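All remarks here apply to the structure that follows.
Please treat every number below as a calculation from the coordinates, not as lab data. Just so you know, these numbers come straight off a predicted model, no measurement behind them. Note that each Cβ is placed from the backbone with ideal geometry, even for glycine, and that neighbours are counted across all protein chains shown.
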Amino acid sequence: MEIQYQVPLKALNTFGIRSVADACVTVKETEELPALSGYTPKYILGGGSNVLLPAHVHGLVIRNELKGIRQTADQDDYVLLEVASGEVWHDFVMFVLSKGWSGVENMALIPGTVGAAPIQNIGAYGVEVKDVIEWVECFEWDSHAIRRLSAPDCRFGYRDSIFKQEYAGKSFITKVCFRLSKKAELNTSYGAIESELAVMGTDHPAPSDVAEAVMRIRRSKLPDPAQIGNAGSFFKNPTIPLAQYETLRETYPDMPSYRVDDSRVKVPAAWLIESCGWKGFREADAGVHQRQSLVLVNYGEANGEQLWALSERIVDSVWEKFQIRPEREVQVW
Ligand SMILES: Cc1cc2nc3c(=O)[nH]c(=O)nc-3n(C[C@H](O)[C@H](O)[C@H](O)COP(=O)(O)OP(=O)(O)OC[C@H]3O[C@@H](n4cnc5c(N)ncnc54)[C@H](O)[C@@H]3O)c2cc1C
């Protein structure tokens, strides 16, 4: 394990932000972690697809290269897989599909590592990773203990978990155990999956067909970080009281919503941001994507401060117009 100094991070974050870390180390074995616990501050970097970096990261950046997939149970209707946290999420999805198992097909092509997936409970096309997680294992920096948190212990919520709350910064996720179904229970009702399957001419889809449909839709809709720097959705969809929504509907009758429960609704942040006129906005190299107003983009040399300032302006304008404050999904270092 070799610590390097003054390490450029531009190629290691999907925003493509020019940033330099004071120090950086790559971890390949869980046993290497105790030796790093004394460093403060320290930052864990997976695929860098959900972070907004400052020009200088003052501290130690720990790159995660823990690898390995192990099958630990094989039952009539499911298997259990223990997956090291540094595995690439999409490669893991492809591995599952190659075996004919299901559960993660709707989350194909989400960038990043397996270890980051539980942190914000990644989700796409009607499925969240919590639906297939048995437990998450992490190394606690303070106690040096390896802890296993069951799915309920992880307190998963919408783009949320204990790892963004009480456990934030306190541990390194080392492994995730997934329960994958041997009997395809497909979820094709969300978004354009059904129509894409029809275009593909697939009447009786297998999990791999659903993944293919999802990948086609994602490629047509989402900006590719290799072409233009971004971190996917910058904001979460805000949840507001039903009463507030009903009042807003009097002024904005076309405001979309999804019921969360009897007293709350979720409002698409994209609609709120677009209604404030931000879609396609650009100032210097920081902007809002032309087709996806949830996605902030770096046209080349935008820095973290500029993207943050733009996000502040967006939040303020949405607050002023709707008295709703969109929360950031991206982790700001
Ligand atoms: C084009 C694009 C599309 C996207 N689409 C989706 C989508 O559909 N759904 C969705 O939910 N998300 C989406 N995202 C967001 C992103 O892919 C996920 O949040 C992903 O899980 C981030 O993984 P990562 O390895 O890149 O994490 P990083 O960006 O490297 O890290 C994110 C945070 O987690 C912490 N962290 C990372 N690994 C560990 C670990 N092992 N232990 C402890 N802490 C850790 C980091 O310190 C950081 O604070 C998208 C992003 C992009 C760029």
Handout entry: Within the chain, helix-based [θ] at 222 nm, where runs of 4 or more DSSP H residues each add -39,500 (n - 2.57), nearest 500
Key = -6000 deg cm²/dmol
Completion exercise
Measuring from its Cα centre, the chain shows a charge dipole (+1 at each Lys and Arg Cβ, -1 at each Asp and Glu Cβ) which, in debye to the nearest 20, is 400 debye
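Can you tell me the dipole magnitude for the range 4-64 around its Cα centre, using point charges on the Cβ only (Lys, Arg +1; Asp, Glu -1), in Debye to the nearest 20? All intermediate terms of the calculation are to be shown ahead of the outcome.
Values: 5 positive and 4 negative charges, 54 e Å.
For this selection, approximately 260 debye.
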Handout entry: Max mean-square fluctuation residue, GNM over the chain, Cα-Cα springs under 10 Å, options ASP160, ASP77, ASP91
Key = ASP77
Handout entry: Local electrostatic count, VAL61, Cβ distance below 11 Å [Lys/Arg +1, Asp/Glu -1]
Key = +1
Fill in the blank from the handout: Eigenvalues of the alpha-carbon gyration tensor of the range 69-221, times 5 and square-rooted, give semi-axes in Å, largest first, of 29, 17, 12
Handout entry: Mean shadow area of the range 281-326 over all directions, Cα convex hull, nm²
Key = 3.2 nm²
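Rounded to the nearest 5, what % of the DSSP beta bridges within the chain are antiparallel ones?
Of the beta bridges lying entirely in the chain, close to 80 percent run antiparallel.
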Fill in the blank from the handout: log10 I(q)/I(0) for the chain, Debye formula on C-alpha points only (no solvent), q = 0.09, 0.14, 0.15 Å⁻¹, two decimals, reads -0.51, -1.24, -1.38
Exercise for the section: Rank ASN230, ASN187, ASN13 by mean-square fluctuation in a GNM of the chain with C-alpha springs under 10 angstrom and give only the top-ranked residue. Expected result: ASN187
Problem - Normalised convex hull volume, the range 229-332, alpha-carbon set, Å³ per residue - result: 92 Å³
Handout entry: In Å, descending, principal axis extents of the Cα set of the range 98-161
Key = 38, 27, 21
Exercise for the section: Work out the charge dipole of the chain with +1 on the Cβ of Lys and Arg and -1 on the Cβ of Asp and Glu about the Cα centre, then indicate which of TRP135, ALA117, PRO225 is farthest towards its positive end. Expected result: PRO225
Problem - Largest-first principal axis extents of the Cα set of the range 1-124 (Å) - result: 51, 31, 20
Practice task
State the Kirkwood hydrodynamic radius of the range 229-275 in Å, one decimal place, computed from all pairs of distinct Cα atoms.
Solution key: 11.4 Å
Practice task
Work out Dmax and Rg for the range 4-64 from the C-alpha atoms and quote the Rg first, both in angstrom.
Solution key: 11.2, 31
Practice task
Return the whole-Å distance between the Cα centroid of the range 163-241 and the Cα centroid of the range 4-63.
Solution key: 26 Å
Exercise for the section: Could you give the size of the charge dipole of the range 69-221 about its Cα centre, using +1 on the Cβ of each K and R and -1 on the Cβ of each D and E, expressed in debye and rounded to the nearest 20? Expected result: 380 debye
Handout entry: For the chain, built as a Gaussian network whose Cα springs stay under 10 Å, the top-fluctuating residue of CYS154, CYS138, CYS276
Key = CYS276
Problem - Gain in span if fully extended, ARG148 to ARG325, counting 0.36 nm per residue against the direct Cα distance - result: 60.3 nm
Practice task
Compute the signed sum of charges (Lys and Arg +1, Asp and Glu -1) over the other residues within less than 14 Å, Cβ to Cβ, of HIS90.
Solution key: -3
